[in-house]
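One structure is given below, encoded as structure tokens.
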Amino acid sequence: MFKILKKQVLTPEIKLMVIDAPRVARKAKAGQFVILRINDQGERIPLTIADFDPEKGTVTIIFQEVGKTTMMLGEMEAGDTILDFVGPLGKEMEEKNFGHVVCVGGGVGIAPTFPKARALKEAGNRVTSIIGARTASMLFWEDKMREVSDKLYVTTDDGSYGEKGFVTTVLERVLEQEKVDLVIAVGPVMMMKMTSLLTKKHGVPTLVSLNPIMVDGTGMCGCCRVSVNGQCKFTCVDGPIFDGHAVDFDELLSRQRIYLEEEKRALEKYLATRAKEEAHYAE
Amino acid sequence: MQNRLSGRPKMPQRPPKERIKDFEEVPLGLPEWAAVEEAKRCLQCKKPQCVQGCPVEIDIPGFLKLVAEGRFEDAIAKIKEKNSLPAICGRVCPQETQCEEKCVLGKKGQPIAIGYLERFVADYEREKGIRPPSAPSWNGHRVAVIGSGPAGLTCAGDLAKMGYQVTIFEALHAPGGVLVYGIPEFRLPKSIVAQEVDYVRSLGVEIELSCVVGKTLTIDDLREEGYEAFFIGTGAGLPYFLNIPGENLNGIYSANEFLTRTNLMKAYLFPEFDTPVKIGRRVAVIGGGNVAMDAARCALRLGAEEVCLVYRRTKKEMPARVEEVERAEEEGVNCIILTNPVRFIGNDNGWVTGIECIQMELGEPDESGRRRPVPIPGSEFVIPIDTVVVAIGQGPNPLLLETIKGLALNKKGYIAADPQTGATSLPGVFAGGDIVTGAATVISAMGAGKRAARSIDLYLKDPNKFPQWR
């Protein structure tokens, strides 16, 4: 059992939790993820590690409520416990001095971008970060990202904060004006795809952190397979970080949608049950 | 009711039409009178061949004699001297190629139904309530076992009986390894696995779940925590794919994923349980082993209208147990033999819609001793399909192996370990089961766990017995 030590509502849909998980915290590195399960009937879901403190023995996760499990997790409070919290899984990011690195974080992907930017800054890189969200109220961790970046750009799709546009709008400008040695992009698959197409045009090496559907997360089930350079890779053990120019994003987009129907069904059932309970207590 | 047997008894089982509607167990176990009658057929050979066919060396004539006398509790105690998981072995061991194959009675007639009788006494004990054994006092040594499958559980259980303090580290959230994620409920009920695991716990073994050795902890960390010897029994958990075009289309599963979703995550109870599995109207399972049979039978129970097995040799060469093939066919699984997939065909939405196959014929025997399947040019045809399960075998999972410096592997990527002692290239590190041999049976993994336990005992009493590590 893993205790939630702290909960913070970053945006109405995006929540942060600090979990008491000393062993995971001791081994965690930027780029890795955990798999958690809330209860006995629950599914195993992967979440990227947003931060970790080996001394305090804590791991920070940030998640967006999109389905039943993330919604249930979002309803939990400090003091509650999570049944399983396995990790750190996946390969860590290479932490060396590449020169000038641009870290691109979109939506909830800003969270896992943070430890990467920090590690790269500590490794001596010049770090430019570009973070973006659909709208101002969905943006978080601007301050933390600023701390670990030499320069930070903020975009919103609707222009309600920062620059109006997509992260790629700014990235294109940066690529045209400056020499960039590496781009790291974390966010929705479509954003990572667009980023990779752009950087390919500019000939800049690009790393993306993939988030396919997973079950065990230890290379056993093969659910998270992804085509990289035409070869079959398992995201959980070979990744989650891959060369963005080699990933078949269209296949990934398609594979992410496998259970849309079931996810919808589970969520509707959950919301109906919750509404019933609420009505019951309201009486 | 007939109370006499005319030869070896048949195991009563639920009728196919009824059993494909649920995940309840299929074979029902022998009635008491039949078990006693059958045990009486044992000749009590002076030099019992059956014991030589048993990887965990159960005193088979000894326990059969006790069954014949109606002393069932003593019979189970006799089995448990050697085997901590009898209810499991009585269900999933391929006895026909092990103990029963060696039975002298089989030379002229039918061998004793040793497997049925093992299951009978194990079930008898479980119904009466398992007696917790008296735990021996701690001898001061700690041993870490990595993986809670059949090899790990056996190794841990045997070491605990010798007085060692053993901790099993398991990556998944439930103990049992392939027994819980791989073998379906209708062949091995999970409550039975849980009870056998509890028995191993009652011997003093601790099990740490959700701990991935190699990631959460390393062998070096465990050494620092005071563990002096290690047993790696992580199994062959890396699914093989065919590596043909279209294999990442939606609707194509590895057997591991399909069975893990179904068995461990209980997808057949979705949405009560949160993990789904997608089943189309027509399902094809590629392969001919026990895993393929399990997948095909699960697919039927999950609601598929048609399930076929696509196998490149003939039924004779199928590695699955005859009993399992029979049960699958009784339930309506259609075997398409001498057929090999060459590519998967998908629709615009990325979902699989068909398998292009080529017909095969059998040529000369290959290194496996079976006749090599050879494609017949120009014989390609398409099987329309909604769901595919690829069950062509597993390899060594590199996750742990990559993180242990200096651990020697063999040519195929499995751990190089002495087949007798389980000793690896690293001092104090032993290994056994599928991670050494490649995918095999539950009982052979248990045999390896047992031999390793014996070696670990030898090593911790006198490390000089292993001169290769000096």
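The values are calculated or read from the model by the stated rules, or taken from the named source; none is laboratory data. Only a predicted model underlies this, so the values are computations on that prediction, with no experimental measurement involved. We place every Cβ from the backbone using ideal geometry, glycine too, and count neighbours over all the protein chains shown. What goes into the accessible areas is simple: the full protein's heavy atoms, side chains included, and nothing from ligands, DNA or RNA. Shrake-Rupley method; radii C 1.70, N 1.55, O 1.52, S 1.80 Å.
Computed quantities for the displayed model
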| item | result |
| --- | --- |
| Distant-in-sequence amide H partners of A:Phe52 (H built 1.01 Å from N, under 5 Å) | A:Thr60 |
| Principal-axis tilt of helix A:189-202 within chain A, Cα atoms, nearest 10 degrees | 10 |
| For A:Ala30, residues with placed amide H under 5 Å, excluding near neighbours | A:Met93 |
| Peptide A:241-254 - average C-beta neighbours from other chains (10 Å radius) | 1 |
| Using a Förster distance of 45 Å, the FRET efficiency for A:Asp243-B:Lys316 (Cβ separation, nearest 0.05) | 0.45 |
| Whole-percent carbon and sulfur share, accessible surface of the stretch A:1-135, 1.4 Å | 47 |
| Chain B, helix-only ellipticity at 222 nm - DSSP H runs n ≥ 4, -39,500 (n - 2.57), divided by all residues, nearest 500 | -9000 deg cm²/dmol |
| Karplus-derived HN-Hα couplings along the stretch B:260-267 (A = 6.51, B = -1.76, C = 1.60, θ = phi - 60°), whole Hz, x at Gly and Pro | 5, 4, 6, 8, 5, 8, 6, 5 |
| Antiparallel bridge percentage (DSSP; both residues within chain B; nearest 5) | 40 |
| Heavy atoms of B:Ser134: accessible area, 1.4 Å probe, square angstrom to 10 | 110 |
| Relative contact order (%) - chain B, alpha-carbon pairs under 8 angstrom, separation at least six | 15 |
| Distant-in-sequence amide H partners of A:Lys3 (H built 1.01 Å from N, under 5 Å) | A:Asp20, A:Ile82 |
| Linear extension gain, B:Lys17 paired with B:Trp469, 0.36 nm per residue minus alpha-carbon span | 156.9 nm |
| Calculated from backbone phi, Karplus (6.51, -1.76, 1.60) coupling profile of the stretch B:376-381 in Hz, x at Gly/Pro | 8, x, x, 9, 4, 8 |
| Helical mean residue ellipticity (222 nm; -39500 (n - 2.57) per DSSP H run of 4+; nearest 500) of chain A | -10000 deg cm²/dmol |
| Those GluC sites (Glu not before Pro) in the stretch B:313-422 that DSSP places in a loop and that have at most 15 other beta carbons within 10 Å | B:Glu367, B:Glu380, B:Glu402 |
| Mean projected area (nm²) of the alpha-carbon convex hull when the stretch B:248-299 is viewed from all directions | 3.7 |
| Span per principal axis, largest first, for the Cα atoms of chain A (Å) | 62, 42, 41 |
| Equivalent ellipsoid semi-axes - Cα gyration tensor, the stretch B:61-167, angstrom | 29, 17, 12 |
| Listed residues A:Gly219, A:Val18, A:Phe98: farthest to the positive end of the dipole of the protein assembly as shown (Cβ charges) | A:Gly219 |
| GluC sites (Glu not before Pro) within the stretch A:1-74, DSSP loop, no more than 11 other Cβ atoms inside 10 Å | A:Glu55 |
| Compactness of the stretch B:410-470 as Cα Rg over 2.2 N^0.38 Å, two decimals | 1.10 |
| DSSP bridge pairs, the stretch B:144-242: antiparallel proportion in percent, nearest 5 | 0 |
| Largest-first ordering by accessible area, 1.4 Å probe, given options A:Ile241, B:Ile435 | A:Ile241, B:Ile435 |
| Residues B:Asp366 and B:Ser425, FRET efficiency given R0 of 22 Å [Cβ-Cβ distance, rounded to 0.05] | 0.10 |
| Per-residue ³J(HN,Hα) for the stretch B:8-15, Karplus 6.51 cos²θ - 1.76 cosθ + 1.60, θ = phi - 60°, Hz, x for Gly and Pro | 4, x, 8, 6, x, 9, 6, x |
| C-alpha long axis of helix A:260-282 to longest principal axis of chain A, angle in ° | 50 |
| Charge dipole of chain B about the Cα centre (unit charges at C-beta), most positive-ward option of B:Pro373, B:Pro398, B:Tyr253 | B:Pro373 |
| Label-point separation, B:Asn349 to B:Gln110 (7 Å along Cα→Cβ), nm | 5.0 |
| Residue among A:Thr156, A:Ala117, A:Met145 farthest towards the positive dipole end of the stretch A:104-160, charges placed on Cβ | A:Ala117 |
| Solution diffusion estimate, µm²/s, Stokes-Einstein, the protein assembly as shown, Kirkwood Rh from C-alpha pairs, 25 °C, viscosity 0.890 mPa s | 88 |
